[in-house]
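The values are calculated or read from the model by the stated rules, or taken from the named source; none is laboratory data. Note that the coordinates shown come from a computational prediction; the quantities given were computed from them, not determined experimentally. We place every Cβ from the backbone using ideal geometry, glycine too, and count neighbours over all the protein chains shown.
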Amino acid sequence: MKKYHVIIFGCQMNISDAERVSAVLESMKYKNTTNINGADLIAVVMCSIRQSAVDRVYGIIEKLKKSNKKPLTILTGCVLKKDKRAFTDGFDYVIDIKDIKKIPAIIKKSKTKTTDDYFDITPKYASRNSAYIPIMTGCNNFCSYCVVPYTRGREISRQAEEIVTETKNLVKTGYKEIWLLGQNVNSYKNKQINFPKLLKIVNDVPGDFKLNFTSSHPKDFSDELIDAMTKCDKLSMDLNLPIQSGDDEILKKMNRPYTVTQYKNLVKKIRKALPKIRLSTDIIVGFPGETRKQFNNTLKILKEIGYGVAFINKYSARAGTAAAKMKDDVPWVEKKRREKILIELTNG
């Protein structure tokens, strides 16, 4: 039996995508192997958000070139058009994530038609306890540093019935943790069901499980959502609420449509309604033009809010984004210094 190996870069959405890639490959009678050297087919689910992730894909290409075995190779995930062109020589197939259902036909050079909805693929779940359910894909926000709107397109929400059915099936088979995923989950909207309504519907699925969701945008965190969260008894009290910067001018350059004051007021409302909530956040250091004073504003907000966890990333320009046209004038050494300060603060 032929074997496959999947390499994953990025966030929970990429992991969820990889589970669907695995399901497609196993429908082709491939068997999973953890040994990359023993694979007949290697699929890479990449992330284009940071240049470092793109560089790692180039590293995989070089490693495969040196290998005696020449497996069939597929690249998919969040891939910019620019990167698709660059990776064509390194992979046998570069496939849009929305087209992974077509992998069998593409490999066999068949003209068999399939639907474009890759969400109706039943995933090969990586865990027996925790499962990711994508409720939407794409993004309409166009944060100046982010490539997601260019790699995944505009927001498309799944039908609520599909999400509920997937949840019920997982709970029946013993899953204890359900994650609702999206680039911006709280902008979910399908027919008359928005995210607060969906959250309550999923929460009311019979069974013993914990409910989580990610990722949230502060601009879409409504009073209705906060109220819904208070009524969801299965909801985890861990919430990721990305601030990205603690300085209003940098937030504006990032195209994050809220101020630090608005963000702090939102946190106060959430904590008042949900006193047991544990907040985490995402922060970018060294964004173009970020002065030491502006960085200190970020340091100040971290101390003031007191996150349990903060995910710190050094800014790196990605071609095609608005920020890539800005002068990347914060030296890498200074980015590392700022990153270290924030890591030490949040780990302390």
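Just to verify a result, which residue in segment 72-107, among those that are assigned to a loop (DSSP other than H, G, I, E, B) and modelled with pLDDT of 90 or more, is farthest from residue 324 (Cα to Cα)? Steps first, please.
Just the residues of segment 72-107 that are assigned to a loop (DSSP other than H, G, I, E, B), to begin with: 78-80, 88-92, 95-96.
Those still in the list that are modelled with pLDDT of 90 or more too: 91-92, 95.
Details: 91: 27, 92: 29, 95: 25 Å.
Within segment 72-107, the match that is farthest from residue 324 (Cα to Cα) is 92.
I'd like the residue in segment 230-246 that is among the hydrophobic types (A, V, I, L, M, F, W, C) and under 18 Å from residue 133 (Cα atoms) and, out of all such residues, is surrounded by the fewest Cβ atoms within 10 Å (Cβ to Cβ). Step through it out loud before you land on a result.
The initial filter retains those residues of segment 230-246 that are among the hydrophobic types (A, V, I, L, M, F, W, C), namely 232, 235, 237, 239, 241, 243.
With under 18 Å from residue 133 (Cα atoms) added as a condition, the list becomes 232, 235, 239.
On the way: 232: 15, 235: 21, 239: 21.
Filtering first and then ranking leaves 232.
For segment 7-33, name all the residues that are more than 18 Å from residue 56 (Cβ to Cβ) and in a loop (DSSP other than H, G, I, E, B).
The answer is 28, 29, 30, 33.
I'd like to know if segment 277-291 contains one or more residues that are in contact with a helix residue (DSSP H, G or I) (Cβ under 9 Å, 6 or more places away or on another chain), farther than 28 Å from residue 48 by Cα and outside the structural domain of residue 184 (by TED's automatic domain parsing).
yes
Restricting to segment 162-204, give me the number of residues that are free of Cβ contacts under 8 Å to residues at least 24 places away in the same chain and either β-branched (Val, Ile, Thr) or outside any loop (DSSP other than H, G, I, E, B) (or both). Break it down stepwise before answering.
Here is the first cut: in segment 162-204, the residues free of Cβ contacts under 8 Å to residues at least 24 places away in the same chain are 165, 169, 173, 192, 204.
Then keep just the ones that are either β-branched (Val, Ile, Thr) or outside any loop (DSSP other than H, G, I, E, B) (or both); that gives 165, 169, 173.
Of the residues in segment 162-204, 3 are free of Cβ contacts under 8 Å to residues at least 24 places away in the same chain and either β-branched (Val, Ile, Thr) or outside any loop (DSSP other than H, G, I, E, B) (or both).
Can you name every one of the helices (runs of 4 or more DSSP H) wholly within segment 211-319 that holds 2 or more residues which are of a type in the set (Lys, Arg)?
In segment 211-319, the matching helices (runs of 4 or more DSSP H) lie at 248-253, 260-273, 292-305.
Starting from segment 59-79, take each residue that is exposed (fewer than 10 other Cβ atoms within 10 Å of the Cβ) and list its partners that are part of a helix (DSSP H, G or I) and among the hydrophobic types (A, V, I, L, M, F, W, C), counting only C-beta distances under 7 angstrom and pairs at least six apart or across chains.
As it stands, the answer is none, since no pair meets every condition given.
Please find, among 344, 334, 304, the residue that is of a type in the set (Asp, Glu), modelled with pLDDT of 95 or more and more than 29 Å from residue 150 (Cβ to Cβ). Don't jump to the end; show me each part of the working.
Working: 344 fails: modelled with pLDDT of 95 or more; 334 fails: more than 29 Å from residue 150 (Cβ to Cβ).
Result of the check over 344, 334, 304: 304.
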